[in-house]
Amino acid sequence: MKQILVTGGCGFIGSNFIRYQLSQYPDISVTNLDKLTYAGNLENLKEFESHSGYTFVKGDITDADFVNSLFNSVDFDAVINFAAESHVDRSILDSGPFIHTNIVGTQVLLDAARNRNIDRYVQVSTDEVYGSLGAEGLFTETTPIAPNSPYSASKASADLLVRSYIKTFDFPAIITRCSNNYGPYQFPEKLIPLFISNALEDKSLPIYGEGTNVRDWIHVIDHCRGIDAALRKGKPGQIYNFGGNAEMQNIEITRLLLTILEKPESLIKYVTDRPGHDLRYAIDCSKAEAELGWKPETEFDAGLKDTVQWYLDNPEWVSRIRSGQYMKYYDQQYGNR
Ligand code: NAD
């Protein structure tokens, strides 16, 4: 795995993954293909701008001509597809970009990759494709997919396309499905960074319904280690679940954040529940533990404290994103490229 293509590498998980690759594997060459939507931020990988093993390419995974010409110019050993529209609430407001990027974009990448000498293709997916659990049980890799939001439906559709290329073309793909990530560089529209930034400004923290929805939380570095293990040790055609063994109600995590930040619970504001809101996600990752030798290593309380500290240490990053300032940085840095 010397020459890898990472799509969506300017987003939250993709940028952490590229940082992990470049720090773990000195000989690796990473091409980062990203459209730079509102969620993509070049600053996330600023320290690698002049790194010889890192190339940024601005482009859209749905643009077949562009993607094919990239594959013609670089002989990739592996593709890791992070690029996606990723925010459930936005998918409820307008599902169009989700269908286009998450499904059509995956099809374009699969078609570009399948006629080349690719050793591995990793589709980075989500536990949300499995739908919702009741109070008991865990998602395994054989749980039937039953997505409930336009976001999760688009991710499930992409997973099915990947599956069909594995079956039809013997394409060496792997699908990974992970629970909710937290950690540095997460766009402040998602629960943890949104609540940290709001609390720091003494703004209210909007909680859906009664705050009793349960999610499993995993530190982004543990997810990146899992994807890396799937890429290097996973069997083609397999699905691997990743989770953090940290199930928590939204209200519990909110209270923890307020305690760390020494802010009052009066900031909590209950708002009308999200339509189709899944009650509970919980994940069984014993297959990844057994077959990839992977397990989550970050203890949740410590990981959350470190994450809060990262946001406290990087107020400029948050305020630039919140004010759209980083687009100015992009134009300055890269012009119209
Ligand atoms: P993100 O929204 O932070 O980043 C997405 C990136 O994709 C951005 O850099 C964006 O510019 C880029 N992008 C969007 N459309 C594109 C297109 N058409 N062409 C090229 N680039 C495009 O998302 P994230 O939270 O880092 O998630 C990354 C992947 O992991 C997604 O596929 C998501 O479904 C999956 N995932 C996320 C979580 C989570 O908790 N965040 C959990 C499990 C799986």
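We did not get these values from a lab; they are worked out from the coordinates using the rules stated. Keep in mind that this is a model prediction, so the values were computed, not measured. Ideal geometry is used to build each Cβ from the backbone, glycine not excepted, and the neighbour counts take in all protein chains shown.
Taking the dipole about the Cα centre of segment 3-334, with the C-beta of Lys and Arg at +1 and of Asp and Glu at -1, give me whichever of ILE80, PHE17, ILE283 is farthest to the positive side. Most positive-ward Cα: ILE80. Residue pairs exceeding 18 angstrom between C-alpha atoms, taken from LYS2/LYS233; LYS58/LYS190; LYS190/LYS287; LYS233/LYS295: LYS58/LYS190; LYS190/LYS287.
In a reduced charge model with +1 at each Lys and Arg Cβ and -1 at each Asp and Glu Cβ, segment 226-316 shows a dipole moment near 340 debye about its Cα centre.
So, with +1 on the Cβ of K and R and -1 on the Cβ of D and E, and no other charges, what is the size of the charge dipole of the chain about its Cα centre, to the nearest 20 debye?
Working: 32 positive and 44 negative charges, 108 e Å.
Its charge dipole is roughly 520 debye.
Sorted fewest first by neighbouring Cβ atoms within 10 angstrom, ASP89, ASP34 come out as ASP89, ASP34. The helix-based estimate of mean residue ellipticity at 222 nm for the chain, built from -39,500 (n - 2.57) per DSSP H run of four or more residues and divided by its residue count, is -12000 deg cm²/dmol to the nearest 500. The ranking of GLU297, GLU136, GLU43, GLU291 by Cβ neighbour count inside 10 Å, starting from the fewest, reads GLU136, GLU297, GLU291, GLU43. Projecting the Cα positions of LEU312, HIS223, PRO206 onto the charge dipole of the chain (unit charges on Cβ atoms of Lys, Arg, Asp and Glu, taken about the Cα centre) puts HIS223 furthest along the positive direction. Distance between the C-alpha centres of segment 47-124 and segment 255-302: 28 Å, rounded to the whole angstrom.
With both residues required to sit in segment 3-334, DSSP beta bridges show an antiparallel share near 10%.
In plain terms, if you count all Cα to Cα distances in segment 179-251 and split them into 5 Å steps from zero, the share in each step is 3, 14, 19, 20, 17, 11, 8, 5, 2, 1 percent. Both radii come from the Cα set of the chain: Rg as radius of gyration, Rh as Kirkwood radius; their ratio Rg/Rh reads 0.94.
Which value, in debye to the nearest 20, gives the size of the charge dipole of segment 165-245 about its Cα centre, when Lys and Arg are +1 and Asp and Glu are -1 at the Cβ? Show your work: numbers first, answer last.
Details: 9 positive and 8 negative charges, 98 e Å.
Using Cβ point charges on Lys, Arg, Asp and Glu, segment 165-245 gives about 480 debye.
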